[in-house]
Amino acid sequence: MADEEEAELSEKQKKEIAKWFLLNSPPGEIQFVAKDVKAVINDDVLYEEAASEAFPLYNKSHLISIEMPGRIGDVIVTSYGELAKNEFIDPRTAQVAVVCTEVRPALDEELPSAYVEEFRCAMDAEILKYVGEAYPKGVCSVYCGNGKDVEGPGFDFELVVVISAARHSPQNFCNGSWRSVWSIEFKDEIQMLELKGKLQVGAHYFEEGNVQLDAKHECKDTTIFQSSEDSAIAISNIIRQHETEYLTSLEASYSNLPDTTFKDLRRKLPVTRTLFPWQNTLQFSLTRDITKELGIGK
Amino acid sequence: MEAAMGLMRRMPPKHTETSLSALLSLLPQHSSDLLSQVDQPLQVLCDMEYGKEFILCEYNRDADSYRSPWSNKYHPPLEDGSLPSLELRKLEVEANDIFAIYRDQYYEGGISSVYMWEDDNEDGSKTGQGRRGYLQEGAWDAIHVIEVGPEEEGTAHYRLTSTVMLSLTTDNESSGTFSLSGSIRRQMNMHLSTEEGHLCNMGRMIEEMESKLRNSLDQVYFGKTKEMVCTLRPPSEVVMRLPDS
């Protein structure tokens, strides 16, 4: 019987559902979700297809960091560093990680020009310093988003700063991640740098329940085009400032909860400020009922 | 089925409806289990006869119709929909009135419905009850199911299972979107004297439970996610660094 009914869903639909579940996994929990999805789908071939499509997307959107073999450092899985399917560049070490098996040195054409690299490298050093100070378990990388072949002044290019901090502690029933992506456009003509930041913070607490935080924020800023080192310092200061402000606003949202939001939904005590008088209300309500019935005359 | 429940524990609570409908379509053979074990955000219908809204849930559903606790009629009309016995219906009417007052005092608005039915397995009555409060972008849905055992020597056993589903979203220019959602479920067993009546006992249990759940959500659950954010990016460090920038 089950088979007949299941036939109503096409394989494609089933795969889409499987992908939806996988992509909606809380930070660091995709393996657990995958196990359940596999059981629910009950079709290994279909599951493998869905997983092979969903895992790379999940890894990229969660900015997963992977340790490269040979202890040379971590590589962040992000679309900004994606050269080919499963190949991610780490600009700091100029290595390309083939997830998750090997690394190879980057080819020259995979790296930015010396001119852009100077800006990228300076930025990387500043961001590394900042992330080291602000995030106990943060990883970061600076990519060249556009114009990696620009050889010198006179043209625009773009750098992308990716910061990812994740904390998984299933033994405490809690997982979370902080992800920020900053794109910085170096506008040569107007000698300005335009910053756009996308910040995303998620947390999942699941001891005897399921509570999730999902917060997103976008912001913009500009600064003047300076030397590679000065630009790097200016930009890391701007990023620090925005991220600090954002954290403060998150904390403010949390501290507003008990007094305003929560109270508007359900009070701690009734408007009367005493527990509900169950015994009296019973009588009160009965009398009211009788009067009402008499009044209506039913 | 176990895997399905595992998924429900991990999917974002604000996507409960989507998750549930996906599972229902994948596992049609488990649909009744899923519907009874997964609590989903409450929907309402309006009883035109009384001009009052009532909550739709598994406990007042028969086929595709839902029974209004106000008029005792099914919406849309159902010819032979099951109805509580006369005695039980009397208690149900009373309970709806009282819980409406209770709801008003705690929620200052919202909708509440109480449904009663007889359970096949036990000689007793059962109460399902939902309630919701609304904020611009926030909702509190509570479902309390009480099983009342047979009366013995002036006492009865009560088993309360409560679920609270809460979602809060704020959205503004300066801080972006901030969304917290969660659902928790707890059980409470009590043996009480029936001297003051079932409603009184059930009411007190529900009141105590709701306060506990509210407290856990506020203190423990939201507190834990905040703690997580602060582990990811400790604020004190940043404050110290501020003068630099």
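The values are calculated or read from the model by the stated rules, or taken from the named source; none is laboratory data. Given the structure is predicted, the values throughout are model-derived calculations rather than measurements. Ideal geometry is used to build each Cβ from the backbone, glycine not excepted, and the neighbour counts take in all protein chains shown.
Annotations for the structure displayed:
- Answer from A:Lys216, A:Lys220 - the residue that is closer than 30 Å to B:Leu213 by Cβ and either without any contact (Cβ under 8 Å) to a residue 60 or more places away in the chain or aromatic (Phe, Trp, Tyr) (or both): A:Lys216
- Residues in region A:159-198 that are farther than 30 Å from B:Ser181 by Cα and within 13 Å of chain B (Cβ to nearest Cβ): there are none.
- The residue pairs whose first member lies in region A:199-210 and is facing chain B (nearest Cβ under 7 Å), whose second member is of a type in the set (D, E, K, R) and not in a strand (DSSP E or B), and whose beta carbons are closer than 6 Å, counting only pairs six or more residues apart or on different chains, are A:Tyr205/B:Lys224; A:Asn210/B:Arg9.
- Per this entry, B:Ala95 is counted among residues that are crowded, with 20+ Cβ neighbours inside 10 Å, assigned to a helix (DSSP H, G or I) and either modelled with pLDDT under 85 or within 14 Å of chain A (Cβ to nearest Cβ) (or both).
- Strands (runs of 3 or more DSSP E) (entirely within region A:98-188) containing at least 1 residues that are within 19 Å of the chain's Cα centre (by Cα) and within 27 Å of A:Phe225 (Cα to Cα): A:138-146, A:157-169, A:174-187
- Hits in region A:219-267 (condition: surrounded by fewer than 16 Cβ atoms within 10 Å (Cβ to Cβ), at the interface with chain B (Cβ under 7 Å from one of its Cβ atoms) and charged (D, E, K, R)): A:Glu251
- Exclusive hit being under 18 Å from B:Asp218 (Cβ atoms), in contact with a His (Cβ under 9 Å, 6 or more places away or on another chain) and not hydroxyl-bearing (Ser, Thr, Tyr), set A:Leu195, A:Leu265, A:Leu269, A:Leu213: A:Leu213
- Unmet requirement for B:Tyr221, which otherwise passes all of (1) out of contact with any Pro (no Cβ under 7 Å at 6 or more places or on another chain); (2) facing chain A (nearest Cβ under 7 Å); (3) part of a strand (DSSP E or B); (4) closer than 19 Å to A:Asp264 by Cβ: (3)
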